[in-house]
Amino acid sequence: MKSIWLNLPVKNLQKSKAFFTAIGFRENPIHANADHLSSFLIGEHDFVLMLFPEKEIGKWLPNTITDTSTSNELLINIDADSTQEIDAFAQTVEKAGGTVYERPQWVEGWMYLCSFTDLDGHCWNVLYMDMDKMPKG
């Protein structure tokens, strides 16, 4: 296997594209001119995020798309370099229209995280791990 992509259904492709651009995800040049999907590269290893209108992605799924207003289908984590990066990211997400549902905070004494939803209710964590404080064992 060569790579992995995350495919997410969105209600409004243009609004979602604007949101992910505003929070700093890099548009994937391969799909920059596409009008039926959007694609972003995340992190230093260029993890691929694909956005598809719900009707389009629904053609490839065996079940109905999760209604994120009543349930969640997954939690996507992004690694951060510092607590300051997470604090700034939380503000950026809110300015872009996302919802921060867990304010930046230390968890278990060694993880600093912020949890948010994008415009379509998909859940994300931005996480900094202080490996020197991680419990051993």
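Just so it is clear, none of the values below were taken in a lab; they were calculated from the coordinates. Note that this is a predicted model, so its numbers are computed, not measured. Cβ sites come from the backbone with ideal geometry, for glycine too, and all protein chains shown count toward neighbours.
Count the net charge of all other residues whose Cβ sits under 11 Å from the Cβ of C123, scoring Lys and Arg as +1 and Asp and Glu as -1. All intermediate terms of the calculation are to be shown ahead of the outcome.
Values: positive: none; negative: E73, E102, D118, D120.
Net charge in that neighbourhood comes out at -4.
Semi-axes of the equivalent ellipsoid of the chain: what are they in whole Å, largest first, if each equals the square root of 5 times a C-alpha gyration tensor eigenvalue? Kindly include the intermediate steps, with their values, before the conclusion.
Working: eigenvalues 147, 54, 49 Å².
Listed largest to smallest, the semi-axes of the chain are 27, 16, 16 Å.
Note down the net charge around E44, summing +1 for each Lys or Arg and -1 for each Asp or Glu among other residues with Cβ under 12 Å from its Cβ. Provide the component values of the computation, followed by the final result.
Numbers: positive: R26; negative: D46, D79, D81.
Surrounding charge for E44 is -2.
Between M129 and L75, what length in nm is gained on full extension when 0.36 nm per residue of separation is reduced by their alpha carbon distance?
17.7 nm
Where the centre of each part is set by its Cα atoms, how far does region 96-123 sit from region 1-30, in angstrom?
So the separation of the two Cα centres works out to 18 Å.
What number comes out for the charge environment of G97, summing +1 per Lys or Arg and -1 per Asp or Glu over other residues with Cβ under 15 Å away?
Values: positive: K11, K15, K17, K95; negative: E94, D118, D120.
After counting each charged neighbour, the total is +1.
Which entries in the list K2/K55; K17/K59; K2/K59; K17/K136; K15/K133 go over 32 Å, if you measure between the two C-alpha atoms of each? Can you show the working numbers first?
Values: K2/K55 28 Å; K17/K59 21 Å; K2/K59 25 Å; K17/K136 41 Å; K15/K133 39 Å.
Cα-Cα > 32 Å for K17/K136; K15/K133; rest within.
With a point put 7 Å past each Cα toward its Cβ, work out how far W5 is from T117 in nm, to one decimal.
For the pair W5/T117, the computed spacing is 2.6 nm.
Multiply the residue gap between Q14 and Q91 by 0.36 nm, knock off their C-alpha separation, and tell me the result in nm, one decimal place. Could the numbers behind the result be given before it?
Numbers: separation 77, 0.36 × 77 = 27.72 nm, distance 2.15 nm.
That works out to 25.6 nm of additional length.
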